[in-house]
């Protein structure tokens, strides 16, 4: 059974940023899909589908390694 984890991420400015985020999160163990709703004037919503709930600290580490992206807490 898959689990959905929703994050709100700051720092996305374009489709290229969204692709970078998607690729970073897909490297996490158990993640099978990432859907992003890009918002340039507010944090973007990032829905992660995985075989378990994705830990925000693991997700933040993957995002930080890819650029200046931050999960809003």
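The values are calculated or read from the model by the stated rules, or taken from the named source; none is laboratory data. Just so you know, these numbers come straight off a predicted model, no measurement behind them. Quick reminder, even Gly has a Cβ in these numbers, built from the backbone with ideal geometry, and neighbours come from all protein chains shown.
Residues of region 1-13 that are within 14 Å of residue 37 (Cβ to Cβ) and modelled with pLDDT of 95 or more: 4, 6, 7, 8, 9, 10.
Going by the conditions given, is residue 27 modelled with pLDDT under 95 and surrounded by fewer than 13 Cβ atoms within 10 Å (Cβ to Cβ)? No, not satisfied.
Of the residues making up region 34-53, those that are out of contact with any helix residue (DSSP H, G or I) (no Cβ under 8 Å at 6 or more places or on another chain) and farther than 15 Å from residue 12 by Cα are 49, 50, 51, 52, 53. Counting the residues of region 59-73 that are under 15 Å from residue 5 (Cβ atoms) and part of a loop (DSSP other than H, G, I, E, B) gives 2.
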